[in-house]
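**Student:** Submitted below is the structure of interest, expressed as structure tokens.
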Amino acid sequence: MNPGIRACIAYVAGCLITGTNPRQVFDKARDLRIRMKGTIKGAVVEVFDYERNCKFMGTLPTLFDFGTDTALSLEISGKNFSGRDKHAEQYFAGTVEGRKVKLHDYGEARDFYYDLGEV
């Protein structure tokens, strides 16, 4: 899965599960702080990813990444989330503990870690 999409998924899942709206997410695999801005209210997601200069939005469970023209699904259950990249048919799942997000990308067969930034 595209690293930018992974970061957006981690950010949105983290916001939904924690009920916060941080200004950034830290991608540990890329050692990169990514500024994000937007609103997440109920099932409606409207986020702008400043690293890739694109929108990531939709109404859950369906989201769309405008940077790669990719449709995704995202479902939240307690502190867990899961979904798939509908274009590449790649699945992902993860958990949120406090400000820490772990996302398992089944296409890459590995875990990726993120920290939610300041609110």
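Every number in this text was worked out from the coordinates using simple rules, so none of it is lab data. Everything numeric here is computed off the predicted structure, so don't read it as measured data. Virtual Cβ from ideal backbone geometry, glycine too; neighbours counted across all protein chains shown.
**Student:** By how many nm would the segment from D69 to R23 lengthen if fully extended, with 0.36 nm per residue of separation less the alpha-carbon distance?
**Tutor:** Between D69 and R23, full extension yields an extra 14.2 nm.
**Student:** I've got another one for you. Where the centroid of each part is defined by its Cα atoms, how far is the range 89-117 from the range 64-83 in Å?
**Tutor:** Going from one Cα centre to the other spans 11 Å.
**Student:** Can you compute the charge dipole magnitude of the range 3-116 about its Cα centre, using +1 on each Lys and Arg Cβ and -1 on each Asp and Glu Cβ, nothing else charged? Give it in debye, rounded to the nearest 20.
**Tutor:** Roughly 400 debye for the range 3-116.
**Student:** Please work out how much length the chain gains when fully extended from N53 to H104, using 0.36 nm per residue of separation minus the C-alpha to C-alpha distance, in nm with one decimal.
**Tutor:** Residue separation times 0.36 nm, minus the Cα-Cα distance, leaves 15.9 nm.
**Student:** Now for a separate question. Given points 7 Å out from each Cα along the Cα-Cβ axis, report the Y113 to A88 separation in nanometres with one decimal.
**Tutor:** Label at Y113, label at A88, 2.2 nm between them.
**Student:** Now a separate question. For the chain, what does the relative contact order come out to in percent, with C-alpha contacts under 8 Å and a separation of six or more?
**Tutor:** 24
**Student:** Okay, moving on. Along each of its three principal axes, how wide is the spread of alpha-carbon positions in the range 3-116, in whole angstrom units, largest first?
**Tutor:** Sorted largest first, the three principal extents are 29, 27, 24 Å.
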